[in-house]
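Taking it in order: structure first as structure tokens, then the write-up.
The values are calculated or read from the model by the stated rules, or taken from the named source; none is laboratory data. Quick caveat, the model's predicted, so the values are computed rather than measured. Note that we place each Cβ from the backbone using ideal geometry, even for glycine, and neighbour counts take in every protein chain shown.
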Amino acid sequence: MNRFKFTAILILTFFLSGFSYASQTMSETVKIKNGLIKGKTEEKIRIFQGIPYAAPPVGNYRWKAPQPPADWDGIRECTAFGPACPQPRQKPDGKYSEDCLYLNVWTPAKKSGEKLPVMVWIHGGGFNFGSTSLPEYNGLNLSKKGVVVVTINYRLGPLGFLAHPLLSKESPKGVSGNYGLLDQIAALKWVKSNIAAFGGDPGNITIFGQSAGSRSVTLQLISPLSSGLFHKAIAQSGGPIIGSEYLNPDFNGNFANVSKMGEKLASILGCDKEKDTLASMRAKSADEIIKAADCKTGLFDECLFFAPVFDGYVLPKNPVTAFKTGKQHDVPVITGSTLNEGYIYFLEEKNLTLDNYILFFKKRFGSNYQNVLQKHPAFNYQDAIIAIDKIITTGANAFPARFVAESMSNKKSKGYLYQFTRLPATELAKKIKVHHGVDLAYVFGNMKKSDGYTDIDFVLSSKIMAYWVNFAKTGNPNGKGLPYWTPYDKKTEINIEFGNSIKFNRHLYKKECDFMERNYLKNLQK
């Protein structure tokens, strides 16, 4: 081989190896509206974490609608989760900041333009806790099923849902609160504008969530501001605040009531006597505000509680009327609950006494409490837990799910109802049964045998993931190898049961749900 040929081969080899390296680098670098971002790759899934979807809601932006993020030069590293939003009981080693409006993307797409279905996750936590960085929300395994997974942070507690007369006065819309829901809407707008760069289809977006995330999903179904931003919805354990008073009597979306809480918070902070109350409140640190609100989510806690309100702008003034009259977005819906939604409240509950048990019924059933109490007599601690679990399971979760599924009869799109009953052999399930949130591991596929999961759980998880992904792709959860899931119908009331095996039932908690329909909804609808 002459010197010229040898040199040419060396140059070609160097060029090809450089090209290969550049291609790999480019596969982890994506151009979005605000600039270039660089992620990482795990198990052939590209991951981008800590992408800003809005400007930091700090200073004068506190308690205002989210603003667009600033552009940046160069390549922004997006390989770690952004901070969690400020919340009670912050872990010392955790990352928390008022600058928390970030999202994350997992994509199996190799390039833009693949038009894969997109699933946007809204985390739970009673609108006061939670973050996308929690390990149960890792989107890697779900993304492997052929979907682009997005998880979002949103403002929480008094920083996300403070309503106050002065805030309403300064707002062009004349309302306040619901900043956390506006964050979710801003994130969906970001997804609509940017997800094609990750190989996602902006015309095929599914929102899904659990607990407060599920409540967020069903609230977004009736928000006029989210129209056209998503095309399917999955609500796991939680409806549009309907029935949430069984968790906390103040968890009812009453705008006037939450505004009074806002005034009380201003007083606790010592800002109500200042010349400019809002400026004084905005000058307080996030930690000061969180500590002053002192939010707790126990069943017997007395505290300030900030959550979404029916303000007539972000949300209609009456959710029951909105769903009953077909004002919700015409998109397919999956909704359901677990078998023991209430047990989680007794994991650390130390205030359950006979007096508190009676008080629980008084605050939640008013003048009708004795009739309900007679149906749930408690002679010991375990009786009380069983009774409260049943009320929370049916009243705060199963009934709202039935209500939402049934409301889809007003629309062309279908509703699908489920109940999760599988009891895994995990340490938590041994303590609190088929608990609130037990389904998360099955939906995201994040389970290990060392945690107590068996082959039954892995098989069930694969089927649930298949239903969820099929639904995200087409609006119909059914597919090859899956038992056929019939849409919910008011006459047949069919629901699917995810248990040791998959089967179908009718009339889930019919007696309890019909009671709620007669004695609860009629008082809410106007």
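Scanning segment 323-353 for residues that are in a loop (DSSP other than H, G, I, E, B), buried (at least 16 other Cβ atoms within 10 Å of the Cβ) and in contact (Cβ under 8 Å) with a residue 60 or more places away in the chain yields K327, Q328, H329, V331, P332, L339, E341, G342. Selection of segment 320-354 for residues being of a type outside the set (K, R) and under 14 Å from D301 (Cα atoms) yields Y345, F346, E348, E349, N351, L352, T353. Do you know which of the residues in segment 147-202 that are assigned to a helix (DSSP H, G or I) and hydroxyl-bearing (S, T, Y) is nearest to the chain's Cα centre (by Cα)? Going through the qualifying residues, I end up with Y179. Of the residues in segment 153-169, at least one is closer than 20 Å to S227 by Cβ and surrounded by 24 or more Cβ atoms within 10 Å (Cβ to Cβ). The set of residues in segment 265-322 that are in a helix (DSSP H, G or I), hydroxyl-bearing (S, T, Y) and within 18 Å of I242 (Cα to Cα) contains only T321. Checking each residue in segment 381-437 for being polar (S, T, N, Q), part of a helix (DSSP H, G or I), in contact with a helix residue (DSSP H, G or I) (Cβ under 7 Å, 6 or more places away or on another chain) and farther than 18 Å from K232 by Cα picks out only T394. Exactly one residue out of A387, A429, A401, A425 is under 22 Å from L508 (Cα atoms) and touching a Gly at 6+ places or on another chain (Cβ under 8 Å), and it is A401. Of all the residues in segment 44-64, those that are in a loop (DSSP other than H, G, I, E, B) and not basic (K, R) number 7. Taking segment 65-122 as the region of interest, the strands (runs of 3 or more DSSP E) fully inside it that hold 3 or more residues being within 18 Å of I37 (Cα to Cα) and at pLDDT 95 or above are 75-77, 102-107.
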